[in-house]
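One structure below.
The numbers here are math on the coordinates, done by the rules we state, and not lab data. Here the structure is a predicted model, which is why all the values come from computation and not from measurement. Cβ sites come from the backbone with ideal geometry, for glycine too, and all protein chains shown count toward neighbours.
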């Protein structure tokens, strides 16, 4: 590098050498940069420090709100679930069956006929019949008959004094068969639970099948009608019991 | 890379021979060694980069994503099934299943089982072996538990020191009204493994596409149980299912079901149905069946009770059909309500069995109104003679017999209206009073409603608005069509004749009257055809169809009871049930009496 510079120097004519030297001296004034350095560095350091601290604080607060958000989310989930189960309870209370049962328990009865008041001319229309007797509407089905094994056993006669040798055997049998029944029931319950989900499909199919078979049967029957001897006709009204078609 | 550089190093080291002290100080050499070290380290990085990015980038990316990234399903809520006033017939509740890990629960099994049996609706002896199951890490303890209950039980168990219980999503379908409209709404099964609902019957199944929502998904980075702020966070919101709004009226449906149950039980019947239609719009306000089932516990009921008999059972309508026959005759201009008929005790027709009436009589002189009021088979057959060929069939076809109603209720049977090819005079005589023709209850109610609605038949509908069934059919009130079947005048005359049926002096069903209102109706007592013996088996179908107020009908109600064993007929079994339900409907919708006098048409001459 120095060799090339020297070459240029030798090549250049030494014209206005003094002016060139002066110009070179004034290019870089010394000391100016030194004066500006301290505040600039301070500013930079402050900016950096402030930035780092600010970022840290920001990050911390973000974390803080993340914790808060998670906690609130959990609370919201719990409250939503609670609200759902409460509204479920409410709907159960509003079930018409439940309302009707409570109304009946309070002695409310069904009206026979309403009366209407016309607001424009003040006339009242409708009959004034007595309300229907309490309990006119049966809310619950009568209890189903007990299954055979729960029904109280028919009164047995006490055996006469002394037991016959066969009696003990018989009682042993009874116990054995009782156990068998019970285990059978349990099996049935379990299989019912497992296959239960298919019941709907089956019922859908069955409806179709019922339709088909019904139609077939009835068409056949129309074909056969003329061959029948019995007189035909419909029975109507209340007293139709015995004297319908004959 | 390393190998290409090695010769250079050797040349550099061997280059100018210098003493050891100088060698350490040479800047060029130091630079070269430094560069070499950097290059070696960089080349390791490059190799790793190629391995990660070039060979199998996808699996590494997903491994990275899975680290600390949580994915949760945002469950979509299944739409509710509502009645016409927005009361819920079926609704969904957030639910959870409680699952045990026997590896952790086996030690405390008896205590934990007792704890769970006390709090959840589970049986101690059922869950005890599950808590102890060997070689298993997953055992169901309870399914479809309301979320609030499940989380509180599991957290309480954890607080007591029982580990190994977790919850997973398991939606709960709740039918708040139990058996009310269960025959139409249907039910759902135990949810599938992935937590989606399995519809099994009724509207739940037919309109599943509408009710079912689309699950959403949320993915976010997690650290120590908390979301990482500014971490990855994408949410696809769940799309909830839409509600299905039916035309049913829950309270009226409830009342009708209770009245029907009483009517069927009191008469010793086998089954029964009630249909209540809004006369003007054809909306099905009630479609009750008995026996029915509790939608919350469908498996406790007989499988045969899980559908709707009102649409799936077909039977011969009997005398109720006479009003259609007569309405057609009046519309065709062949007769009027005052047409005079001389009715013999028994009518012997060519090629058929003798036709008789339900009551013994000699030759009596009835008007057409009297024929309806007293439900005379012979009188109806005599009037039917006036029909032209094929006319009765086209009227019945127009009334909608022999065709499904297209409401979207599952398992509907079309009934049978005999084809023209087998139509004969003898067949027409029988059809005139409701034999040799089969209907379902909804069909028949819609046919009678035609008369109530001034001769215009409206398709009945059970869905408010519009919905698409699982077979792609559009159903609902938006798609109900109207069609004039008989003239307004014919409808009015028929109504006047039907009013005589509930007249306490001349009619056969005074029990169907509603105090204060004008009621038009018709009884039906038909022999039941059995498909087994292919004959009439001696049992009966009794029914009552009618509407009120007669001069401005609002409701059409049809009550059917199959096989009553107390010897009752349409008037004594169906009539009182009709009266109760009609009275309730009129009160409920605040329909005032019209205040006009009932029909006084002569029944004899």
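What shape does region B:250-588 have by the C-alpha gyration tensor, where a ≥ b ≥ c are the square roots of the eigenvalues, rounded means a/c under 1.5, and otherwise prolate means a/b greater than b/c and oblate the rest? Rounded. In terms of other Cβ atoms within 10 Å, B:358, B:423, B:605 run from fewest to most in the order B:605, B:423, B:358.
Taking the fewest neighbouring Cβ atoms within 10 Å as the starting point, the ordered list for B:70, B:134 is B:134, B:70.
Rounded to the nearest angstrom and listed largest first, the equivalent-ellipsoid semi-axes of chain B from its Cα gyration tensor are 79, 28, 20. For the peptide A:80-89, the mean number of other protein chain Cβ atoms found within 10 angstrom of a residue's Cβ is 6.
Between residue B:50 and residue B:552, the simple spin-label model (points 7 angstrom out along Cα→Cβ) gives 9.4 nm. Once a ≥ b ≥ c are taken as the square roots of the eigenvalues of the Cα gyration tensor of region B:462-593, is the result rounded (a/c under 1.5), prolate (a/b larger than b/c) or oblate (a/b not larger than b/c)? Oblate is the answer for region B:462-593, as a/c is 1.5 or above yet b/c matches or exceeds a/b. With a simple spin-label model that places each label point 7 Å from the Cα along the Cα-to-Cβ direction, the separation between residue B:166 and residue B:104 comes to 0.8 nm. Across region B:303-370 the C-alpha pair distances fall into 5 Å bins from zero in the proportions 3, 12, 14, 18, 20, 11, 7, 7, 5, 3, 0 percent. For chain B, the longest principal axis of the Cα atoms and the long axis of helix B:250-266 meet at an angle of about 60 degrees. Relative to the longest principal axis of the Cα atoms of chain B, helix B:575-588 runs at roughly 60 degrees. Cβ crowding within 10 Å ranks B:127, B:422 as B:422, B:127, fewest other Cβ atoms first. In terms of its alpha-carbon gyration tensor, region B:513-552 comes out prolate; a/c meets the 1.5 threshold, and the first ratio a/b outweighs b/c. With a Förster radius of 22 Å applied to the beta-carbon distance between residue A:70 and residue B:230, the computed FRET efficiency rounds to 0.90.
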